[in-house]
Structures are given as C-alpha cells and as structure tokens.
1. Are there any pairs, at least 6 apart or on different chains, whose C-beta atoms fall under 9 Å, with the first in segment 187-206 and at negative phi and in contact (Cβ under 8 Å) with a residue 12 or more places away in the chain and the second in a strand (DSSP E or B) and among the acidic types (Asp, Glu), and if so, which?
2. What do you reckon, is residue 8 assigned to a loop (DSSP other than H, G, I, E, B), over 42 Å from the mean Cα position of the chain (by Cα) and modelled with pLDDT under 90?
3. Return the residues of segment 75-86 that are more than 46 Å from the chain's Cα centre (by Cα) and within 11 Å of residue 35 (Cβ to Cβ); say none if nothing qualifies.
4. Among all residue pairs at least 6 apart or on different chains, which show Cβ distances below 8 Å where the first residue, located in segment 59-83, is part of a helix (DSSP H, G or I) and the second is β-branched (Val, Ile, Thr)?
5. With (1) surrounded by 12 or more Cβ atoms within 10 Å (Cβ to Cβ); (2) more than 34 Å from the chain's Cα centre (by Cα); (3) at pLDDT below 90 as the list, and residue 62 as the residue in question, which single condition is left unmet?
6. Hey, among 174, 132, 140, which residue is within 30 Å of residue 18 (Cα to Cα) and modelled with pLDDT under 75?
7. Looking at residue 127 and the list (1) at pLDDT 75 or above; (2) under 25 Å from residue 226 (Cα atoms), which single condition is not satisfied?
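The values are calculated or read from the model by the stated rules, or taken from the named source; none is laboratory data. From a predicted model like this one, the values you see are computed outputs, not experimental measurements. Cβ: placed from backbone, ideal geometry, glycine included. Neighbour counts: every protein chain shown.
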Amino acid sequence: MDFKKDFLGYDFIWFIGEVEDRNDPLKLGRVKVRCFGWHSTDKELQPTKNLPWASTIQPVTTPANVASGLTKGVWVFGFFLDGERAQKPMIMGHIPGYRFGSPGESELPRAVRSEADYVPPGDALRDATILEEVIVDPNEDQPDDPKTGQVNKWGEPARPTDAVYPTATVNAHESGTYTQIAGSGRYTIQTNNGSYIEIDAGGNGKWKVITDNYEIVGGSKYVDVSGTVNMHVKGNVVTNIEGNLVENILGNVTRNITGTLEEKVTGDVTYINEAKRTATVTGEVTDTFEATKTENVTGAVTENYSASQTTSASGAVKITGATIDLN
C-alpha cells in the first residue's frame, strides 16, 4: 500500500463528471459518475455498471439513507478519497445546466432551465384544468352584493407569471417544483399533475387538487371565516353526523331546490315560529296523519276555498262554537 497514493491529504485529485445511474442498492444516496478524463467515453468499452459508486457530501441534518436529489445527466464535481486509484469518488456539488447537442438529453428537470418557450408539465396541466367561471345564481344579471359579500360569479385565479430569473428561486425535481419569489413573498409548491399550494404576493391562498382529496382530523377542528364562503359542488354532497347538529344563523336563510325534498325524523319535531308565516303551494297537498291530530289556535282562523271542499269522517264530527253560521 502506498500511503501517499491511497489516502486523501497528499495527492488531492479533483474530478468533474456526469451522473449515469442513481439506483443505489444500499439506498445511501450514491450515484455512478463518468469522470471526464478518468473514464472512457465509450460505454461499450466501459459500461455504466463498471463505474464506481460515488458518495455525496450532504448536510449533517440530512438522514443517512436519503436520496441525494441528483438525476441522470447532471454534471458534478468532487475528489477521490483514494487519490490516484480513483475508485472512491466523493461528490461535493453539482454544476447547474445541462448538455447541449449530445445524445440522451439530461434528465435534469426542465423547469429549472432557461428555455423561454418551455412550459413545465405542472404549469401546462394547471392552465388546462383552470376553473374559469362558476355561476352562483342562474340570474346572470344579479350583481355582486357588496353588503353580504355574495359573489354571483367567481373563478380560479390565473397562474402567476412573476417567476423571472434571478429573483425566482425554483427547486425542481421529477415530481414537481417549489418556487419562491424574492420581494413579493409568493411561494408555490406544485406537482407535475397540476395540483398546487400557493400563497401569492397579496397574501391570498390557493389550494388545488386535480383528483381526489382526503382530510382526516383526529381531534376537533376550528374554522373562522371573516368574509363570505362560496362553495360549488358539481356532484353530490353526503354528510354523516354521529352526534348533534347546531346551526346559529343571525341572518336570513334561502334555499332553492329544483328537485324533491324529503325529510325523515324518527323522533319528535318541535317547530316554533315567532313571527308571520306564509306558505304558498302551487300543486296538490296531501297530509296523512296516522295518529291523533290536535290544532290549537289562540286567534281567529279564516279559510277561503275557491272551489269545493269535501270532508269525510268515519266517526262522529263535532263542531262547537258560540255562533255557527252555515251558508
């Protein structure tokens, strides 16, 4: 063993190379690098599988068995731990950029490149699936209500276009990108399928899920909204409540139902109306009581029928009053 050639510190030898394989069988974040000038450019003469595994220098806060984030085609630089033997490469960092004009283009995520006409997959899907307009009220002439905040129409805000180099910091990977804009404070976490979480420069939040979304809360949940809540559901809504439901409404309640309404109550029903009540029915009314019915009215009762009235009783009919007029 030649101490000067086999150990780091005497002959400090640097290298620059290109990552060709990252499937480390030990899952230690190692990659295989073809070092320029040290390894043949002929992959038939020296295939990727014969290249030594290169370790990576990572922060001390990084777990020992985490992937490095390097992808195939990325240029890296470092040194050989075993000097001239060049069998133990150690990577210190990568060189931003990608290869030009060489076969097998780099797998470096294109979102971080400087191609002006390139739209990353996540941005393309985000634009293609944007919710342009939701009509809250079918009356399109109804303006927005400045008092209640009721919005007649609303849509998904457009994708920001402020990600301009060098104020934009974009961390990209195959699965998506993380973008932070210096100055404005906007940041976006976006996947390649178009889903994203975003806080824009004005402090507005956006959360979009392209497919299904699951929210599971093991304890209590508290939500406070200072403005109006506008919710649009294109499908069905099913709510299962195993406890009680309490609704405290300080304003009015309006429900527009174009279909049927069915309510089933297995317990008692108590209805208290402290003001005037008006009921208008344009169709037929059928009330079926399978038990006794009692009506107590403390004021006057007036019934007007524009057509005939038929009353049938299988038992006795008793009418009691101070004066009874039958005309």
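1. Note: pairs meeting the criteria are 187/198; 188/198; 189/198; 190/198; 204/198; 206/198.
2. Working: assigned to a loop (DSSP other than H, G, I, E, B): yes; over 42 Å from the mean Cα position of the chain (by Cα): yes; modelled with pLDDT under 90: yes.
The answer is yes for residue 8.
3. Taking segment 75-86 first, the residues more than 46 Å from the chain's Cα centre (by Cα) are 82-86.
Result: 86, single match.
4. Pairs that qualify, where the first residue is part of a helix (DSSP H, G or I) and the partner is β-branched (Val, Ile, Thr), are 83/13.
5. With respect to (1) surrounded by 12 or more Cβ atoms within 10 Å (Cβ to Cβ); (2) more than 34 Å from the chain's Cα centre (by Cα); (3) at pLDDT below 90, residue 62 is out only on (2).
6. The match here is 174.
7. (2)
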